[in-house]
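Here's the structure we're looking at; comments come further down.
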Amino acid sequence: MELFEDGEMTRDFVFVDDVATALTRAIYHTGSLSQIFNVGSGEATSLVELVKLIAATTSKDLKISYSGRFRVGDIRHAVADMSRYLATFQDWQPTSLEVGLTKYLSWYFQQDPLSSRSLMDSLKEMEEKKLLLGSQPDVVQPEPLSSVSS
């Protein structure tokens, strides 16, 4: 599996049910909501950590390559600041990454699989549009994940 840059860029992964809960709370809130609220877990997870968690959850031995390539305009670290949300709603207990990922993968494996060609086509399109820079690694066809272990 190719990871861009060095794999240490971080993101805030939030489970979709948690976002729905936050939106529902905002809709039914009786006070004024005239500000923008971030919704996330509030925790940074590196992409390499995420890939290793996916591998462990699916009992797959993934080989990770760090290409050094990067997407134009991508930011290195992105984590939701939940302080405004907490000040308004006082409570936020997001689903853990491990639990949310397990639920997501259970759903994902019930869907029709995407072809590895779809991934390769998306990378080619980003390169053509000059949105993916850096040296191109040896092309390795990704192996689809087939099931979640129990």
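The values are calculated or read from the model by the stated rules, or taken from the named source; none is laboratory data. Quick caveat: nothing in here was measured; it's all calculated off a predicted structure. Cβ sites come from the backbone with ideal geometry, for glycine too, and all protein chains shown count toward neighbours.
Sort out which residues of region 1-19 are in a loop (DSSP other than H, G, I, E, B), of a type in the set (Asp, Glu) and at pLDDT below 95, and write them in order of number.
5, 6, 8
Out of 41, 59, which single residue is polar (S, T, N, Q) and buried (at least 16 other Cβ atoms within 10 Å of the Cβ)?
Sole residue among the options that is polar (S, T, N, Q) and buried (at least 16 other Cβ atoms within 10 Å of the Cβ): 41.
Looking at this structure, is residue 59 hydroxyl-bearing (Ser, Thr, Tyr) and free of Cβ contacts under 8 Å to residues at least 12 places away in the same chain?
Answer is no for this residue.
Output the number of the condition that residue 93 fails; it satisfies all remaining conditions of (1) surrounded by fewer than 16 Cβ atoms within 10 Å (Cβ to Cβ); (2) part of a helix (DSSP H, G or I).
So the condition that residue 93 fails would be (2).
Among the residues of region 113-147 satisfying the criterion of being modelled with pLDDT of 85 or more and in a loop (DSSP other than H, G, I, E, B), which is surrounded by the most Cβ atoms within 10 Å (Cβ to Cβ)? Break it down stepwise before answering.
To start, the set of residues in region 113-147 that are modelled with pLDDT of 85 or more comprises 121-122, 124-131.
From what is left, the residues that are in a loop (DSSP other than H, G, I, E, B) are 129-131.
Numbers: 129: 9, 130: 8, 131: 14.
Within region 113-147, the match that is surrounded by the most Cβ atoms within 10 Å (Cβ to Cβ) is 131.
Check region 34-41 and report whether any residue there is at pLDDT below 95 and hydroxyl-bearing (Ser, Thr, Tyr).
yes
Please go through region 20-63 and pick out each residue that is β-branched (Val, Ile, Thr), over 14 Å from the mean Cα position of the chain (by Cα) and assigned to a helix (DSSP H, G or I).
Matches in region 20-63: 21, 24, 27, 57, 58.
All but one of (1) surrounded by 12 or more Cβ atoms within 10 Å (Cβ to Cβ); (2) closer than 18 Å to residue 12 by Cβ; (3) in contact (Cβ under 8 Å) with a residue 24 or more places away in the chain; (4) among the basic types (Lys, Arg) hold for residue 76, so report the exception by its number.
All conditions pass for residue 76, except number (1).
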